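What follows is one structure encoded as structure tokens, with my remarks underneath.
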Amino acid sequence: MPFPPPSRTPLGAPPGPRRRTLLASAAGAALLVGCTAEPDTTATSAGSPSVAERTRARAARDSTELVRQYDTAIATFPALTERLSVLRAEVVRHAESFGGGKPTPTPTPTPTPTRTPSSVSPSPSASVAPASEQDALAGLADAERTLVDRRTKALLDVPGELARLLASVAAAGAAHVYLLTEGAK
């Protein structure tokens, strides 16, 4: 009959779990606690929207406005339809993912006003047709770039899932900027 292998427990040591086992268990428990979803503590006590809700609503409005800019460019320059329709469709999905409704097509834009030194520029939300295809592409690239910057800055102020969504949409916006500018070369 063979002898059993010797125990690694030193003689006189108390029976039970070893120190390494306890440390590993404590570390695992700490990791599990760190992975749990945290409630949104940014809500105000007065019932006003939280930072996350305001950020989400702003992102939905921004994406809806960007869709309108794509619609203006496509309506003004039908030759850009094929190039811009895919990007526009992605921006529609972004608006929907932030909780905005599906943006409706924008009516035909107003003609570009004649600029004089004393004329006041229209508001950014005004649907003014760009003067050329290059102006349309540059305007869309600038709008996308502005949203990328705004969404990237907002990442620090919102909870996990919304931060991941903002990061993903910002990355897509950066790709759109490339396709609108560098991709044309």
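The values are calculated or read from the model by the stated rules, or taken from the named source; none is laboratory data. Not measured: the values here are computed from a predicted model. For neighbour counting, all protein chains shown are included, and Cβ atoms are generated from backbone atoms with ideal geometry for every residue, glycine included. Just so you know, the surface numbers come from the protein's heavy atoms only, side chains and all, with ligands and any DNA or RNA stripped out. Shrake-Rupley method; radii C 1.70, N 1.55, O 1.52, S 1.80 Å.
For the range 77-97, a residue qualifies if it is under 17 Å from Leu166 (Cα atoms) and open to solvent by 30 Å² or more (accessible area, probe 1.4 Å), and the qualifying residues are Glu90, Arg93, Glu96, Ser97. With respect to Gly100, is the statement that it is part of a loop (DSSP other than H, G, I, E, B) and either modelled with pLDDT of 90 or more or open to solvent by less than 60 Å² (accessible area, probe 1.4 Å) (or both) true? Criteria met by Gly100. The set of residues in the range 165-185 that are farther than 13 Å from His94 by Cα, modelled with pLDDT of 95 or more and either loosely packed, with under 15 Cβ neighbours inside 10 Å or of a type in the set (Gly, Ala, Ser) (or both) comprises Ala174, Ala175, Tyr178. If you go through the range 57-76 and keep only what is under 20 Å from Tyr178 (Cβ atoms) and open to solvent by less than 50 Å² (accessible area, probe 1.4 Å), you end up with Asp62, Ser63, Leu66, Val67, Tyr70, Ala73, Ile74.
Within the range 57-86, residues that are outside any helix (DSSP H, G or I) sit with their Cβ atoms under 7 Å from residues that are open to solvent by 30 Å² or more (accessible area, probe 1.4 Å) and modelled with pLDDT under 95, at 6+ positions apart or across chains, in these pairs: Phe77/Glu133.
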